[in-house]
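Have a look at the structure below, then the notes.
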Amino acid sequence: MVRTASRKMAAVANAPAPAPAGPPDVAVEHLTHVYETANGAVKALDDIDFEVPQGKFVGIVGPSGCGKSSLLLMLAGLLQPSEGRIVVREHALTAPRPADVGVVFQEASLLPWKTALENVEFPLKLRGTARAERRDRALELLELVGLADFRDRLPHELSGGMRQRVSIARGFSQDPKILLMDEPFAALDEQTRLTLGDELLKIWTRHQKTVIFVTHSLTEAVYLCDEVLVMSHRPGRIIDRVTIPLERPRTYEMMATETFGHLRERIWRSIRTT
Ligand SMILES: Nc1ncnc2c1ncn2[C@@H]1O[C@H](COP(=O)(O)OP(=O)(O)OP(=O)(O)O)[C@@H](O)[C@H]1O
Ligand SMILES: [Mg+2]
C-alpha cells in the first residue's frame, strides 16, 4: 500500500508540468534586425519566431555575434526590429515596459555616482517603495550576491565580477514579471556562478517569474532552463529548440546523469553544425 503510494508520488514528481493557462508572456513573430552602419548593413537576426509561456525559464545559446544581445535589447523595447513584432503580455511592444520587463545586461550598467546599495535600491525608489523597506530589501539582495560588506562602495571601487553581482541584485530588486538576463554570470567564478544560479531558480520558483536567459555555458543552460533555443551564426536564426525534461528542483547530482549529458551533447552538436 505504502509502496504503491510512494510510486505514485514519484510518478507525479516526474510528470511534465501542466500546460500553462493563458496567453504566452512573450511572443516573437518573424523578427529580423539589420544594423545600418557606415560600412553597410549588418543583418544580425533573421526571421526569429518563438513563444515563452508564463512562468517558463527559457535559455538562448549560440555563437558569439549571432545576435543574442540584439534580441534581448529588442525584447526590452530598447531597439526597434527591422521586421516582425514582439508581443509582451498581450501588448505589441513599441517602447520599454519596465513594470513588466527587467533586464540584467551583459556588461554591468550601474549608475557610477551611486553606491552599490543605492544602485540596488534605485528601481525600488522609482516605484515609490518607502525608504526603510527599500533599504531592507536592497540589503537582503546585496547579501544574496555576497556583497553586503561593499554596500557603500562606488562602482569604480568594485571588481568587474562584483559590479556584475550588483547588477544582478538590481535586476532582482526591480521585481519584474519577465526577467531578461544577458550572460549575467559570465564574469563570475564557477562557485559563485552555481550559487547565484540556484538563487535565481529559487526567486523564479517563489515569485513565478518568466525568465529569458542568454548564456555561453551549455551546462548552465541545461541546469537552469525548461527549454533552450539554439541560434545559428549571424544572421541569427533559431536552429534547434531543446526541451529540458529534468525534474525540479534541480540538483547538482543531475549534472552527472546520462540524461543531462545527452541534452548538453545535443545542444553542442546543434551549435557546432551551424
Ligand atoms: N550597435 C550596433 N551597430 C552595428 N552592428 C552591431 C551593433 N550591435 C551589434 N552589432 C552586430 O550585430 C551582430 C550581433 O551582435 P550581438 O551583440 O547581438 O551578438 P551576441 O550574440 O550577443 O554576441 P556575444 O555572444 O559575443 O555577446 C554582430 O555582428 C555585431 O557586430
Ligand atoms: Mg551578447
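Here, each number is a calculation from the coordinates, and none is a lab measurement. Treat the numbers as computed from the prediction; the structure is a model and nothing was measured. Glycine gets a Cβ as well: all are built from the backbone with ideal geometry, and neighbour counts include every protein chain shown.
Taking every alpha-carbon pair in the stretch 142-265 and binning the separations at 10 Å intervals from zero gives 11, 41, 34, 13, 2 percent. Whole-Hz Karplus values for the stretch 23-31 come out as x, x, 6, 9, 10, 10, 10, 6, 7 Hz, taken residue by residue from phi with 6.51 cos²θ - 1.76 cosθ + 1.60 and θ = phi - 60°; glycine and proline positions read x.
If you take the alpha carbon radius of gyration of the stretch 9-167 and divide it by 2.2 N^0.38 Å, what ratio comes out, to two decimals? Display every interim value, and only then the final one.
Details: Rg = 19.2 Å, N = 159, 2.2 N^0.38 = 15.1 Å.
So the stretch 9-167 has a normalised radius of gyration of 1.27.
Per residue of the chain, what 222 nm ellipticity follows from adding -39500 (n - 2.57) for every DSSP H run with n ≥ 4, rounded to the nearest 500? Walk me through the numbers before you get to the answer.
Details: 8 runs with 101 residues, N = 274.
Rounded to the nearest 500, it is -11500 deg cm²/dmol.
Counting only residues at least eight positions apart within a chain, or on another chain, the lysines with an alpha carbon under 26 Å from that of Lys114 are Lys125, Lys177.
The H on the amide N of Gly62, modeled in the peptide plane, is under 5 Å from the matching H of Met231, each at least 5 residues off or on a different chain.
Reported value for the stretch 41-106: 110 Å³ per residue, from the convex hull of its C-alpha atoms.
Placing +1 on each Lys and Arg Cβ and -1 on each Asp and Glu Cβ, with no other charges, gives the stretch 110-175 a dipole about its Cα centre of roughly 220 debye. The overall shape of the stretch 91-138, judged from the alpha-carbon gyration tensor, is oblate: a/c is not under 1.5, and a/b is no greater than b/c.
From the alpha carbon centroid of the stretch 185-221 to that of the stretch 68-88 is 22 Å.
Can you list the chymotrypsin sites (Phe, Trp or Tyr not before Pro) in the stretch 204-274 that are in a DSSP coil and have 10 or fewer other beta carbons within 10 angstrom?
Working: sites: Trp204, Phe213, Tyr223, Tyr252, Phe260, Trp268; in loops: none.
Those that pass, being in a loop and sparsely packed, number zero.
Before anything else, pin down the relative contact order of the chain: Cα pairs under 8 Å, at least 6 apart, normalised by residue count, whole percent.
Working: 482 pairs, mean separation 64.1, N = 274.
The normalised contact order for the chain reaches 23 percent.
Computed about the Cα centre, the dipole magnitude for the chain is approximately 460 debye when only Lys and Arg (+1) and Asp and Glu (-1) carry charge, each at its Cβ.
Counting only residues at least eight positions apart within a chain, or on another chain, the lysines with an alpha carbon under 18 Å from that of Lys68 are Lys43.
Both radii were evaluated on the Cα set of the stretch 110-175; the Rg over Rh quotient, with Rh as the Kirkwood radius, amounts to 0.93.
Residues whose amide H lies under 5 Å from that of Val211, counting only those 5 or more places away or on a different chain, are Lys56, Phe57, Val58, Leu179; hydrogens are built 1.01 Å from N in the peptide plane. Sorting the Cα pairs of the chain by distance into bins of 5 Å, from 0 upward, gives 1, 6, 12, 16, 17, 16, 14, 10, 6, 2, 1, 0, 0, 0, 0 percent per bin.
Which percentage, to the nearest 5, of the DSSP beta bridges contained in the chain is antiparallel? So the antiparallel bridges in the chain amount to around 55 percent.
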